[in-house]
Structures are given as C-alpha cells and as structure tokens.
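A.B. asks: First the structure, then my questions, so here it is.
The values are calculated or read from the model by the stated rules, or taken from the named source; none is laboratory data. Because the structure is a prediction, the values reported are computed rather than measured. With ideal geometry, Cβ positions are generated from the backbone for all residues, glycine too; neighbour counts draw on all protein chains shown. Areas reflect the complete protein model, heavy atoms only, side chains present, ligands, DNA and RNA absent. Shrake-Rupley method; radii C 1.70, N 1.55, O 1.52, S 1.80 Å.
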Amino acid sequence: MFISARLALAIGIGVIPLVAFTAAGVPVWAVLGGWLLLCIILLGIDVFLAASARAVTISRRVPNRARMGEPVEASIAVHNHGERTLNALLRDAWQPTAGVNPARLAVQVPSGERRRVSVPLLPRRRGELSSEFVFLRSRGPLGLGGRQARHEVRGVTRVLPAFASRKHLPSRLARLRELDGNTSIQVRGQGTEFDSLREYVRGDDVRSIDWRATARAGTTMLRTWRPERDRHVVILIDTGRTAAARVGDGTRFDAALEASLLLAALAARAGDHVHLLLYDRVVRARVTGVDGAALLPAMTDAMAPVHARLVDTDWSGAFASIRTLTTRPSLIVVLTAQDAAESARSFLGAFPNPSRSTTVLVGSVTDDAIGELATQRGSREEIYLAAAAERTLRDAENVADAIRRAGGEAITADPEDLPPRIADRYLELKAAGRL
C-alpha cells in the first residue's frame with residue numbers, strides 16, 4: 001500500500017476540531033487521538049476499496065530504433081483482471097536521458113477491459129536505453145492511499161546518432177550530379193571510366209572517336225567518359241581519450257560521427273564503397289561490405305552503443321586494421337583530435353605512406369572558445385589565458401604541418417563546419433580525378 005499527500009492534509013485539518021473541542025473542555029489527547037483514528041480508518045477503507053494493482057497484465061510497445069533529439073512514442077497496455085475499476089498512476093522507469101514526459105501517467109481501466117497509454121520519449125543520449133519495470137499505483141475513491149505493485153516488463157530501444165549534418169546533403173548531392181552524371185565528358189583522364197557512345201557532333205574532340213563503333217554503325221561514333229566509380233573510402237574514427245573532450249554542446253567524438261555519416265551518404269550516392277572503423281586499442285565497431293541504401297542504417301546502428309574511452313589510442317593497430325578492410329587504392333579519412341605535439345607522436349609515427357592512388361585526410365574538431373580566448377586582453381587573468389590559448393593554437397598548427405609533411409591533408413574546423421568541409425574535399429578529389 002501507499003499513502004498520498006491528501007492524508008497529511010486531512011491530518012492537518014484536524015487542527016480545526018482540536019481548537020473547537022479543547023475550547024469546550026475536551027482533553028487535547030482525546031481530540032487528537034480520535035482524529036488520528038478517524039484518518040486511519042478512512043485510509044483503511046480507501047485502501048480496501050482501491051482496485052488491486054497486481055490483478056493486471058502489463059505489456060508494452062517500444063520502437064526498436066530512435067534518433068537522438070527526435071521525439072518517439074512508446075506505449076503501455078494495462079489489462080484489468082480485477083472486479084473494480086482501476087484508477088491508477090503509472091510510472092515507466094526509463095533513464096532520465098530518455099526524456100519521458102510526464103513522469104507519471106494517469107490511467108483508468110474498467111473491470112475486464114484494457115487500455116493503452118502513450119509514453120512520449122525524447123532521447124538525449126546515444127546507445128541502449130531500457131526500462132526494466134512499470135510501477136502502478138491504484139488509488140482509492142478518497143485519494144488518501146491505495147495499493148501499488150511493480151511489474152517486471154522490460155523495454156529496450158537503441159538511440160542512433162542525430163545526423164544533424166544531413167542538412168548539408170542536398171547541396172552536395174547537387175554538386176555531385178553536376179560533376180558526375182547529367183552531362184558526360186569527352187576527355188579521358190585519370191579518375192574517369194567509359195560511359196557510353198554517341199554520334200559525333202561538329203566541335204567534339206576527334207581523339208575520342210571510336211573507329212570500331214564507327215565502322216559497325218556506319219556513322220561517326222564518339223566515346224564519352226564519366227568520373228570513375230567503385231572507389232573505396234575508409235573512415236577511421238578515433239574513440240580514445242582525446243575524442244571525449246567536450247566542444248560546444250557535444251564531444252569531439254559526436255562531431256566525428258556527424259562528419260562520417262555525411263561523407264558516407266555522399267560517397268554511397270557516388271557509387272563508391274565505404275568502410276567504417278571505430279578504434280582505440282581494439283575495434284569498437286566495424287562496417288564493411290555494405291553498399292547502397294543499407295549503408296547508413298548499418299553505420300548508425302554500429303555507432304549507437306560506442307562512446308569515447310579514457311585510453312590512449314594504439315595507432316599502429318588502427319592503421320593495421322585499415323589494411324584488413326581493403327588493399328585497393330582508396331581515400332582514408334581519419335577523424336581524430338591531434339592538437340598537441342606530445343600526444344601526436346604515436347599518431348605521426350604510425351602514419352601511413354600515401355601514394356598517388358591513396359589519399360589520407362585527417363579531420364580534427366577545433367573549439368571556437370580557444371580562438372576567442374586568444375583575443376582577450378582586458379585583465380591580467382585574460383592575458384594569461386590568451387597566452388595559453390595561443391600556445392594551444394600554435395601546437396595544433398605544428399601537428400597539422402607535420403601531417404602535411406608526411407603526405408596527408410589536415411582539415412580543422414568547428415563541429416558545425418567539419419562535416420561539410422570534409423564532404424567538399426571529397427568532391428574536389430572526385431573532380432580532380434584523384435578518387
């Protein structure tokens with residue numbers, strides 16, 4: 001059983017008869033004891049008349065997948081097997097990050113009937129969210145107390161990354177169509193492949209004439225070319241301790257997930273093969289051999305339960321794992337945070353040797369607050385902070401220079417700009433015939 005705040009209110013109202021009867025000469029203890037006894041009797045009657053909280057069957061419907069920051073609806077069905085109408089408060093025991101609102105739901109179920117109530121969720125954290133039980137409080141007619149019971153009914157949903165960077169996808173797809181498909185090009189070069197044959201038109205490049213096709217067709221035929229497809233894009237996301245640093249409203253790891261999803265969506269539309277690897281000291285998630293429409297669901301599903309860990313990344317093992325994904329020429333995109341020369345030594349020591357057929361991009365998230373601190377000179381404390389910020393920015397630039405000397409390309413931007421900048425660089429490599 002349980003008691004409600006109404007019982008305390010009812011006991012407090014006893015002040016009125018206490019004052020009235022003591023003024024008439026009745027002993028205080030008699031008035032107080034009688035009033036408390038009356039309240040206890042009313043509580044007992046209320047509990048007795050309340051429907052049983054155990055004579056019910058609880059079932060739930062929970063979506064298998066939800067996206068972080070987007071509302072989703074679960075539901076709970078209550079089947080009353082008792083003889084009385086059930087007036088109850090229902091609490092679904094999700095974690096606070098599930099964003100259940102309101103925390104308690106009122107439900108009324110007549111005897112022998114079934115009612116379903118919706119439980120709106122607004123997930124604020126990636127990964128597995130679960131509710132192990134449902135708590136039911138059946139109130140009596142007076143509302144002084146009632147019966148309660150806990151029902152073990154488990155519900156689980158997987159919260160996927162928000163993919164807020166998908167707003168940049170339409171504009172990049174339009175650029176990809178301009179580059180790739182609507183108009184074939186006539187000049188063959190690196191990064192192109194045969195597209196189709198068409199009739200020669202005055203002004204076309206005569207070097208593209210297909211003489212065999214011309215002999216068969218009886219008219220001059222021209223070869224056209226398109227940017228090469230079926231290339232390989234390998235995305236390596238660092239899940240070590242540097243990825244756990246907070247930047248803006250999220251972490252560096254969250255920004256890396258956004259950048260990888262945008263790049264993967266773009267590369268899949270371009271007909272390339274995308275491989276994903278999340279690594280610190282061991283492989284935390286891997287997606288390979290998945291193409292087309294199934295790629296993004298597979299990636300988000302693999303990313304959802306992974307979080308940054310407070311360990312140093314084994315970069316030798318990370319780059320060795322890349323070689324197990326593909327040995328073909330590819331674009332390697334490493335999403336990490338290398339902004340200090342001391343911590344970047346192992347990364348630079350294991351950096352792969354790029355070639356004409358392999359390009360390595362290193363994407364890092366920067367904090368705009370550091371740049372703002374570097375401009376402050378109002379007080380002695382701000383001057384010291386500005387000096388520290390300048391040192392941090394210089395160290396990050398030194399690491400970026402070391403990456404360029406090693407043959408890679410360094411891209412640094414804030415969490416909002418990093419995904420579109422990496423996507424733009426991918427399109428530039430496509431246009432230049434390097435991918």
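A.B. asks: Starting from region 216-325, pick out the trypsin sites (Lys or Arg not before Pro) whose DSSP state is loop and whose Cβ has at most 15 other Cβ atoms within 10 Å. Intermediate results must be reported in sequence, preceding the final value.
C.D. replies: On the way: sites: Arg216, Arg223, Arg229, Arg231, Arg241, Arg246, Arg252, Arg269, Arg281, Arg284, Arg286, Arg309, Arg323; in loops: Arg229, Arg231, Arg281, Arg309.
Sites meeting the loop and neighbour criteria: Arg229, Arg281.
A.B. asks: OK, next. Based on alpha-carbon atoms only, what is the radius of gyration of region 288-435 relative to the globular estimate 2.2 N^0.38 Å? Write out the running numbers ahead of the final one.
C.D. replies: Numbers: Rg = 17.8 Å, N = 148, 2.2 N^0.38 = 14.7 Å.
Against the compact-globule rule of thumb, the ratio is 1.21.
A.B. asks: Over the chain, with the other protein chains present, what is the accessible area per residue in square angstrom, probe 1.4 angstrom? Walk me through the intermediate numbers first.
C.D. replies: Details: 22550 Å² over 435 residues.
For the chain, the per-residue accessible area is 52 Å².
A.B. asks: Looking at region 306-376, I'd like the Rg to Rh ratio, where Rg is from alpha-carbon atoms and Rh is Kirkwood's inverse mean 1/r.
C.D. replies: Values: Rg = 15.0 Å, Rh = 14.3 Å.
Ratio value, two decimals: 1.05.
A.B. asks: In debye, nearest 20, what is the charge dipole magnitude of the chain about its Cα centre with +1 on Lys and Arg Cβ and -1 on Asp and Glu Cβ, if you could check? Display every interim value, and only then the final one.
C.D. replies: Details: 58 positive and 46 negative charges, 273 e Å.
I would put it at about 1320 debye.
A.B. asks: Would you indicate which of (i) 0.99; (ii) 0.95; (iii) 1.50 is the value of Cα Rg over 2.2 N^0.38 Å derived from the coordinates of this structure?
C.D. replies: Calculated Cα Rg over 2.2 N^0.38 Å: the matching label is (iii).
A.B. asks: At 222 nm, what value in deg cm²/dmol follows for the chain if DSSP H runs of at least 4 each add -39500 (n - 2.57) and the sum is divided by all its residues, to the nearest 500?
C.D. replies: Details: 12 runs with 148 residues, N = 435.
After summing the helix terms and dividing by residue count, I get -10500 deg cm²/dmol.
A.B. asks: For region 71-126, what does the convex hull of the Cα positions come to per residue, in cubic angstrom?
C.D. replies: 67 Å³
A.B. asks: At a temperature of 25 °C and a viscosity of 0.890 mPa s, determine how fast region 64-190 diffuses translationally according to Stokes-Einstein, using the Kirkwood radius over alpha-carbon pairs as Rh; express D in µm²/s, rounded to the nearest whole number.
C.D. replies: Values: Rh = 18.2 Å.
After rounding, the answer is 135 µm²/s.
A.B. asks: Let me ask another. Hey, if we sort Lys167, Lys430 by accessible area with the 1.4 Å probe, largest down, what's the order?
C.D. replies: Working: Lys167 130, Lys430 10 Å².
Per-residue accessible area, sorted high to low, gives Lys167, Lys430.
A.B. asks: Grab the alpha carbons of region 205-343, take their convex hull, and tell me the volume per residue in Å³. Intermediate results must be reported in sequence, preceding the final value.
C.D. replies: Values: hull volume 23.8 nm³, N = 139.
Hull volume over Cα atoms, normalised by residue count, gives 171 Å³.
A.B. asks: Enumerate the residues in region 67-95 having an amide nitrogen under 19 Å from the point lying 7 Å beyond the Cα of Leu122 toward its Cβ.
C.D. replies: So the set is 67-75, 92-95.
A.B. asks: Taking all protein chains as present, what is the carbon and sulfur share of the accessible area of region 73-158, in % to the nearest whole number, probe 1.4 Å? Intermediate results must be reported in sequence, preceding the final value.
C.D. replies: Values: 1920 of 4230 Å².
Carbon and sulfur atoms account for 45 percent of the accessible area of region 73-158.
A.B. asks: If I take every Cα pair under 8 Å that is 6 or more residues apart in region 62-178, average their sequence separation and divide by the length, what percent do I get for the relative contact order?
C.D. replies: It comes to 31 percent, rounded to a whole number.
A.B. asks: Turning to a different aspect of this structure: With +1 assigned to the C-beta of every Lys and Arg and -1 to the C-beta of every Asp and Glu, and no other charges, what is the dipole magnitude of region 258-375 about the Cα centre in debye, to the nearest 20? Write out the running numbers ahead of the final one.
C.D. replies: Numbers: 9 positive and 12 negative charges, 128 e Å.
Here region 258-375 has a charge dipole of around 620 debye.
A.B. asks: How much of the accessible area of region 244-296, probe 1.4 Å, is carbon plus sulfur, in whole percent? Walk me through the intermediate numbers first.
C.D. replies: Working: 970 of 1940 Å².
Roughly 50 percent, rounded to a whole number.
A.B. asks: For region 1-122, compute Rh as the Kirkwood radius over C-alpha pairs and then the Stokes-Einstein diffusion coefficient at 37 °C and 0.692 mPa s; write the answer in µm²/s, rounded to an integer.
C.D. replies: 185 µm²/s
A.B. asks: Antiparallel versus total DSSP beta bridges in the chain: what percent is that, nearest 5?
C.D. replies: Values: 54 of 80 bridges.
Counting only bridges with both partners in the chain, antiparallel ones make up about 70 percent.
A.B. asks: Beta carbons within 10 angstrom, averaged per residue: use that to sort the peptides 327-338, 361-372, 204-215, highest first.
C.D. replies: Working: 327-338: 21.8, 361-372: 19.3, 204-215: 12.7.
Order by mean packing, descending: 327-338, 361-372, 204-215.
A.B. asks: Hey, what did region 289-429 get for relative contact order, percent, Cα under 8 Å, at least 6 apart? Before the final figure, lay out each step's value.
C.D. replies: Working: 134 pairs, mean separation 34.5, N = 141.
Computed value for region 289-429: 24 percent relative contact order.
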